[in-house]
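Take a look at the structure set out below.
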Amino acid sequence: MFKKLVCVIICAAMLCSLTGCGFLKFDSSKEREPIDPAVSPRSYISQMSQNIKDYLKKGDAENLHRLFGEYFGVTVTNIQGLLNFIDGEIVAINNDRIQSNDKEMRDGKYTYYGYGGRFTISLENGKEYVCHFAGYAVYDEKPEKVGLEKLYLINENDEKDRYGVGLYYNDKGQKLDYDGNVIERYLR
């Protein structure tokens, strides 16, 4: 019995080495290849979500800014306002939820793919925020929209305690309606 088990393990190892099995070749020190969103939008969105979490935790306004589509006019100053809104040190980020919104496919590739997601941010002082984000992984007709379109935080205990950047948010982080007016119910 023992000889059969050893033989099976050796055969499996040989098969993996001959076929290029990634399990035995995994090297975490190498930088990941960029993901083509037109082929694998879910992987792209997961990577985007992880980048948002990493940059929020580091307080990195420059790199958060780079995640936004240029169409939405978000500035580093806008992002810094969002980071300043976080009242304490981030100790945990969890409850990740990602969803696709509208999508369109042509010839086996996505030509349009909208997404949204959210996660919970816990601070050392006990406060919790829900972070919401939305954007486009693919937008062939308007490539300047690819990336985040909005990112906002809401205090778990007070819906009026919120701050956002991107589409439908002004330079003060206030939520706007479709006509550009501040939505009163969210004013503190």
Of the listed pairs Lys53/Lys175; Lys57/Lys109; Lys109/Lys160; Lys109/Lys175, those with alpha carbons more than 31 Å apart are Lys57/Lys109; Lys109/Lys160; Lys109/Lys175
Using only alpha carbon pairs under 8 Å that are at least six residues apart, calculate the relative contact order of the range 76-174 and give it in whole percent. 23
Give the long-range amide H neighbours of Val138: residues separated by 5 or more places, or on another chain, with amide H under 5 Å away, using H modelled in the peptide plane at 1.01 Å from N. Tyr113
Would you give the gap between the C-alpha center of the range 139-186 and the C-alpha center of the range 53-117, rounded to a whole Å? 12
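Computed from the coordinates by the stated procedures, all read-outs in this text should not be read as laboratory data. Owing to the predicted nature of the structure, the values given are computational and were not obtained by experimental measurement.
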